[in-house]
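Remarks on the structure that follows.
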Ligand code: PHE
């Protein structure tokens, strides 16, 4: 994390609500501030901590832990996760099997050392500031980036993995900033043979050289340049998979304590350059302190909210946390590339019912068309709430509930009633229904 970019203008976050089913799952799984009978203790996801002078964690943030939006089926963050994961599965295989292992359920509660020391962040680095992080106490925190897991996963023997998770940073809230957001980390390690194939008997990954802007001290220039090429083409391919070709992108030099050289990728979106990922050649010290083998590697971190906002035209980060069906239902399409978010109103709805006896050969869709023709954009939904057959006459009775709502103002009851009355009159006249007056 640099002090300027990914740390402060971080990748995006949100506010919390959800669809009915989604809300219940979320409430069940998200954490509550619990003092476990002892008001001086903090309990998160069953783990209890002693707060101290470093504590910056607040109850409303604790509630987000465990929500795992990136694992909720049909959630836009989950769709982005699946799309990128599939790209890596397809792109890199070993004997027909995916090379990358995927971790999307690692707890965001990490040691301060995992978040910072394990990725070589100096003790006085700005990214450690109390004002920028959610410290549980001086030893534990909510991870500020998924890079916190790089070292432990390499130590466990993996050489290609993706980590998807919620990350936490103290920041202001606006359309693209929220204290909780989601990242996907990727790490891939290469041996000489994996990088150069047949040519590897003539190449070497390591030398005792000099650290320059282009490479690290112990890397050969050819290894550094090949890996850079591999990293950049992979990420460009991934972005192209999401957005198609024809997108304007640019690479910008960056700085992270854990990679050198480092870059960020920016995408032109609505006339502005937006940074969507940070990446670089992994500092050799991270790899050599984790494994014995002779490998070099690259790492990258993608901001999922930002990618989803660009891909689906989502105007505000808080929408990712909404419980509103009108949001979540929009992401149920099969082809995610066809999804474009349609904004909906923040003004209150007015619900009005209409009951009628149907003529023979009545077509429900004729009624829907008629309602739309008369009500226009002020009609948000038409639902069938009751239907029965008269036991003696065999005539069908239907009751529809019409939701009226304006995108830009609060509708008055009089206005909605007038439309409703017109609809009733037209249905009687054109569809020959018999309106049931109560
Ligand atoms: N961890 C960095 C961030 O959150 C992103 C990153 C990951 C950069 C891996 C380089 C390599 O800002």
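Scan segment 93-129 residue by residue and report those that are part of a loop (DSSP other than H, G, I, E, B) and either away from the ligand (no atom under 16 Å from the Cβ) or closer than 17 Å to residue 159 by Cα (or both). It would help to see each step written out before you state the result.
Pass one, segment 93-129, residues part of a loop (DSSP other than H, G, I, E, B): 95-96, 99-100, 104-108, 116, 120-125, 129.
Hits for segment 93-129 are 95, 96, 99, 100, 104, 105, 107, 123, 124.
Considering every residue within segment 153-168, establish whether at least one is away from the ligand (no atom under 16 Å from the Cβ) and within 20 Å of the chain's Cα centre (by Cα).
Going through segment 153-168, the residues away from the ligand (no atom under 16 Å from the Cβ) turn out to be 155-157.
Narrowing further to those that are within 20 Å of the chain's Cα centre (by Cα): none.
There is no residue in segment 153-168 that is away from the ligand (no atom under 16 Å from the Cβ) and within 20 Å of the chain's Cα centre (by Cα).
Restricting the search to segment 118-128, which residues are on the phi < 0 side of the Ramachandran plot and surrounded by 14 or more Cβ atoms within 10 Å (Cβ to Cβ)? Can you show your working first?
Of the residues in segment 118-128, the ones on the phi < 0 side of the Ramachandran plot are 118-119, 121-128.
118, 119, 121, 125, 126, 127, 128 - these are the residues of segment 118-128 that are on the phi < 0 side of the Ramachandran plot and surrounded by 14 or more Cβ atoms within 10 Å (Cβ to Cβ).
Within segment 262-280, track down each residue that is in contact with a helix residue (DSSP H, G or I) (Cβ under 7 Å, 6 or more places away or on another chain), more than 10 Å from the ligand (Cβ to nearest atom) and either on the phi > 0 side of the Ramachandran plot or in contact (Cβ under 8 Å) with a residue 40 or more places away in the chain (or both). Walk me through how you get there before you give the answer.
So the first thing to find is which residues in segment 262-280 are in contact with a helix residue (DSSP H, G or I) (Cβ under 7 Å, 6 or more places away or on another chain), and the list is 265, 267, 269, 274, 276-277, 279.
Checking the rest, the ones that are also more than 10 Å from the ligand (Cβ to nearest atom) come to 265, 267, 269, 274, 276.
Scanning segment 262-280 gives 267, 269, 276.
Yes or no: residue 61 touching a residue at least 12 places away in the same chain (Cβ under 8 Å), closer than 30 Å to residue 325 by Cβ and in contact with a helix residue (DSSP H, G or I) (Cβ under 6 Å, 6 or more places away or on another chain)?
Working: touching a residue at least 12 places away in the same chain (Cβ under 8 Å): yes; closer than 30 Å to residue 325 by Cβ: yes; in contact with a helix residue (DSSP H, G or I) (Cβ under 6 Å, 6 or more places away or on another chain): no.
Against the criterion (touching a residue at least 12 places away in the same chain (Cβ under 8 Å), closer than 30 Å to residue 325 by Cβ and in contact with a helix residue (DSSP H, G or I) (Cβ under 6 Å, 6 or more places away or on another chain)), residue 61 does not qualify.
Can you tell which of 311, 247 is closer than 30 Å to residue 168 by Cβ, in a loop (DSSP other than H, G, I, E, B), under 21 Å from the mean Cα position of the chain (by Cα) and more than 16 Å from the ligand (Cβ to nearest atom)? Give the steps one after another, and end with the answer.
Details: 311 fails: in a loop (DSSP other than H, G, I, E, B).
When all the criteria are applied, what remains is 247.
Considering only segment 200-238, how many residues are closer than 30 Å to residue 85 by Cα and in a helix (DSSP H, G or I)? Walk me through it before giving the result.
Just the residues of segment 200-238 that are closer than 30 Å to residue 85 by Cα, to begin with: 200, 205, 214-216, 219, 222-238.
Those left that are additionally in a helix (DSSP H, G or I): 200, 222-238.
Result for segment 200-238: 18.
So, of the residues in segment 281-308 that are modelled with pLDDT of 95 or more, assigned to a loop (DSSP other than H, G, I, E, B) and out of contact with any strand residue (DSSP E or B) (no Cβ under 9 Å at 6 or more places or on another chain), which turns out to be farthest from the ligand (Cβ to nearest atom)?
The selected residue is 289.
Which residue is farthest from the ligand (Cβ to nearest atom), if the candidates are limited to segment 234-244 and must be within 12 Å of residue 279 (Cβ to Cβ) and more than 19 Å from the chain's Cα centre (by Cα)?
In this case the residue turns out to be 236.
For segment 130-151, does any single residue satisfy the condition of being more than 23 Å from residue 276 (Cα to Cα), at pLDDT 95 or above, in a strand (DSSP E or B) and away from the ligand (no atom under 16 Å from the Cβ)?
Scanning segment 130-151, I find at least one residue that is more than 23 Å from residue 276 (Cα to Cα), at pLDDT 95 or above, in a strand (DSSP E or B) and away from the ligand (no atom under 16 Å from the Cβ), so the answer is yes.
The values are calculated or read from the model by the stated rules, or taken from the named source; none is laboratory data. This is a predicted model, so every value here is computed, not measured. FYI the Cβ positions are ideal-geometry reconstructions off the backbone, even for glycines, and counts take in every protein chain you see.
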